[in-house]
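These notes are about the structure you will find just below.
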Amino acid sequence: MALTLEEAARAARCDKGTAIVSESTPSDDSLRTTPLDALHRSLGAKMVPFAGYAMPVQYPAGVLKEHLHTRARAGLFDVSHMGQVHITGDDPAGALERLVPGAIRPLKPGRQKYTLLTRDDGGILDDLMVANAGSHLFAVLNAACKAADISHLRAHLPDVEILELTDRALLALQGPEAAAVLAGLAPVVADMRFMDARAVEILGRDCFVTRSGYTGEDGFEISVPAEGAERLARALLEHEAVEPVGLGARDSLRLEAGLCLYGSDIDTTTTPVEADLAWTIGKARRETGDFPGAAHILEHLRDGPPRKRVGLRPEGRAPARAGTAIHAPGGDAVGTITSGGFGPTVEGPIAMGYVPTALAEPGTAVELMVRGRALPARVVALPFTPPRQHRG
Amino acid sequence: MSTLYFTEDHEWVAVDGNTATVGVTDYAQKQLGDVVFVEVPEAGKVLAKGDEAAVIESVKAASEVYAPVTGTVTEGNTDLAETPATVNDSPMDDGWFFRMSLDDASELDDLMDEAAYAAFVASLD
């Protein structure tokens with residue numbers, strides 16, 4: 001048997017085809033560690049290199065149980081490898097709008113938004129979360145992209161200051177019991193709605209909490225000073241509803257939720273419209289067209305994109321992984337799967353990929369070429385699991 | 001009474017007379033994690049040593065199971081299609097993949113016995 005474990009690590013790349021993951025083992029000195037490294041090892045985590053960090057891919061419970069536990073109760077994720085950035089200046093929202101198609105200026109204090117850094121050709125440099133923290137913007141960037149993103153922001157936005165918060169950890173608490181658990185430490189979070197953001201003191205530390213996540217569940221992401229991270233994580237794990245969850249389940253959870261993984265589902269070769277992320281383009285901004293790649297992106301919006309990201313359900317039980325060719329029934333290759341695997345909550349194989357717009361309607365039959373055979377599959381609406389964010 | 005052999009690809013081969021039963025080891029199932037899909041060969045399939053014989057997929061990855069010896073498949077464990085997790089629960093027993101005839105018993109000389117395999121696994125960690 002060939003133990004060619006791709007793990008979740010295959011996804012840790014910023015540019016298409018450029019693997020950020022090295023062959024190195026997690027004990028290599030070259031790998032960075034998060035403030036929770038000792039905690040992961042004490043919990044028996046299997047550590048893997050991911051975007052230059054030693055990260056827990058799974059704990060002893062395993063990917064399947066961790067996934068199901070998150071949907072049933074609450075999972076705690078260490079996402080400290082992600083970039084945390086403050087954007088300060090006279091008009092940080094106005095400045096950031098020069099690099100993203102999202103409506104950042106209308107974002108009210110205490111609210112957060114998902115947006116995209118776009119390129120002049122309409123491709124996507126990264127996806128990110130941006131919160132209006134009152135005096136500044138707080139942004140969370142993909143780990144594999146953060147250095148490039150920060151250079152990009154600094155090069156193009158000389159009128160604002162980009163401050164990378166290297167002394168903070170980022171924890172995600174996700175699942176139906178997340179709010180009750182976190183409210184036990186900070187009652188104020190119970191009042192937050194999906195995509196609310198606010199400064200909250202937790203266990204005596206100045207944290208920045210957003211009610212958001214990457215699982216399709218209700219939950220929070222908590223930016224906490226590095227020196228307080230382990231105490232906070234242990235306090236959350238002390239709750240009987242909470243189990244630690246690794247990158248493996250994080251990937252299957254976000255795939256079921258239909259959420260894009262940068263470097264796999266979106267990259268510099270996909271436009272926001274092709275990626276079915278046109279909803280992130282601000283209404284007024286469609287009129288003004290003042291963002292990188294606007295000409296190409298607005299053309300896709302007006303005329304329809306040549307291809308679209310869709311959900312795919314293979315028939316039977318065989319998973320179709322990223323890179324699998326998508327064919328028209330009995331015909332030629334028309335696209336490629338960008339994320340695929342087994343959905344523990346769906347209890348079957350699920351995938352996302354790009355197909356020509358003519359084949360993007362839910363219900364359309366396609367074939368997936370798995371190990372030289374055509375596996376019948378259908379285009380389906382995303383997400384695969386019902387969204388359960390707390391919209392208030 | 002069968003004799004147990006192991007391959008460097010983490011497969012076990014139980015040889016009883018002219019028949020070899022093939023599966024993956026406990027080490028393999030632990031490395032793979034939760035198995036969610038298994039495809040076994042049908043009876044009559046002729047396999048040369050090293051041919052891809054079966055497919056095993058976990059939540060994390062897809063892997064192939066190779067024919068450890070040359071011969072013809074006599075039976076596939078079709079139960080695994082419905083309950084792939086049996087590979088995790090009982091890798092050395094109920095989680096067997098397929099049985100095959102043994103064309104050339106001398107091919108077994110290239111395989112490891114239990115002690116050699118244990119030492120091989122220990123060398124990997």
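A straight line joining the Cα centroids of segment A:59-105 and segment B:91-125 runs 46 Å. Share of chain A's accessible area from carbon and sulfur, percent, 1.4 Å? So the carbon and sulfur contribution to the accessible surface is 51 percent.
Rounded to the nearest 500, what is the protein assembly as shown's calculated 222 nm mean residue ellipticity when only DSSP H runs of at least 4 contribute -39500 (n - 2.57) each, over all residues? It lands at -5500 deg cm²/dmol. Each Lys and Arg contributes +1 and each Asp and Glu -1, all at the Cβ; summed about the Cα centre of the protein assembly as shown, the dipole is approximately 2460 debye. Excluding the sites themselves, what is the longest stretch of chain A that contains no GluC sites (Glu not before Pro) in a DSSP loop with at most 12 other C-beta atoms within 10 Å? With a cap of 12 other Cβ atoms within 10 Å, the longest stretch comes to A:24-239. Comparing mean-square fluctuations of B:Gly76, B:Gly95, B:Gly17 from a GNM of chain B with C-alpha springs under 10 Å, the top value falls on B:Gly17.
Among A:Leu170, A:Ile222, A:His296, which residue has its Cα furthest toward the positive end of the charge dipole of the protein assembly as shown, with +1 on Lys/Arg Cβ and -1 on Asp/Glu Cβ? Value: A:His296. Could you check how many percent of all C-alpha pairs in segment A:289-392 are farther apart than 17 Å? Of all Cα-Cα pairs in segment A:289-392, 54 percent lie more than 17 Å apart. Net charge in the neighbourhood of A:Lys108 (other residues with Cβ under 13 Å of its Cβ; Lys, Arg +1, Asp, Glu -1) is +4. Name the residue farthest towards the positive end of the dipole of the protein assembly as shown from the options A:Pro158, A:Thr118, A:Pro387, assuming +1 on Cβ of Lys and Arg, -1 on Cβ of Asp and Glu, about the Cα centre. It is A:Pro158, whose Cα lies furthest towards the positive end.
The GluC sites (Glu not before Pro) found in segment B:1-102 that occupy coil by DSSP, while having at most 15 further C-beta atoms within 10 Å, are B:Glu8, B:Glu42. Here, chain A yields an orientationally averaged convex hull projection of 18.8 nm² when only Cα atoms define the hull. Pairing chain B with chain A buries about 2100 Å² of accessible area. This figure sums both sides and uses a 1.4 Å probe. Note on chain B: percent of Cα-Cα distances in each 10 Å bin, starting at 0 and stopping at the bin with the largest distance, equals 14, 48, 33, 4. Surface composition of chain B: carbon and sulfur make up 46 percent of the accessible area, probe 1.4 Å. Among A:Ser212, B:Tyr5, B:Pro41, flag the residue with its Cα farthest along the positive direction of the charge dipole of the protein assembly as shown, charges on Cβ as +1 for Lys/Arg and -1 for Asp/Glu. Going by the Cα projections, it comes out as A:Ser212. Taking θ as phi - 60° and the Karplus parameters 6.51, -1.76 and 1.60, the scalar couplings of segment A:173-179 work out to 10, 10, x, x, 9, 4, 5 Hz in sequence order, x denoting glycine and proline. Take the Cα radius of gyration of segment A:198-285 and divide it by 2.2 N^0.38 Å, N being the number of residues; the result is 1.39. Across peptide B:28-36, the average count of Cβ atoms from other chains found within 10 Å of a residue's Cβ is 5. Our summary of shape: the Cα atoms of segment A:242-350 have principal axis extents of 47, 46, 19 Å, ordered from largest down, in whole angstrom.
Only lysine pairs 8 or more places apart, or on different chains, with alpha-carbon atoms under 27 angstrom apart are counted in the protein assembly as shown, and they number 23. Ordered from largest to smallest accessible area (heavy atoms of protein chains, 1.4 Å probe), the residues B:Thr19, A:Thr166, A:Thr215 come out as A:Thr166, B:Thr19, A:Thr215. For segment B:3-105, the dipole from Cβ point charges (+1 on Lys and Arg, -1 on Asp and Glu) about the Cα centre works out to 120 debye, to the nearest 20. Taken per residue, the accessible surface of segment B:27-125 reaches 45 Å², heavy atoms only and a 1.4 Å probe. The GNM of chain A, with springs linking C-alpha atoms under 10 angstrom apart, assigns the highest mean-square fluctuation among A:Asp303, A:Asp206, A:Asp78 to A:Asp303. The listed residues A:Met55, A:Met129, once ranked by accessible area (1.4 Å probe) with the largest placed first, stand as A:Met129, A:Met55.
Considering only A:Ala233, A:Ala333, A:Ala95, the mean-square fluctuation computed in a Gaussian network model of chain A, springs between alpha carbons under 10 angstrom, is largest for A:Ala333. When you restrict to C-alpha pairs under 8 Å that are six or more residues apart and normalise by the size of segment B:3-105, the relative contact order lands at 31 percent.
The values are calculated or read from the model by the stated rules, or taken from the named source; none is laboratory data. These numbers were taken from a predicted model, which means no experiment stands behind them. Methodologically, a virtual Cβ is constructed for each residue, glycine included, from the backbone with ideal geometry; neighbour enumeration extends over all protein chains shown. Ligands, DNA and RNA are excluded from the accessible area calculation, which covers all protein heavy atoms including side chains. Shrake-Rupley method; radii C 1.70, N 1.55, O 1.52, S 1.80 Å.
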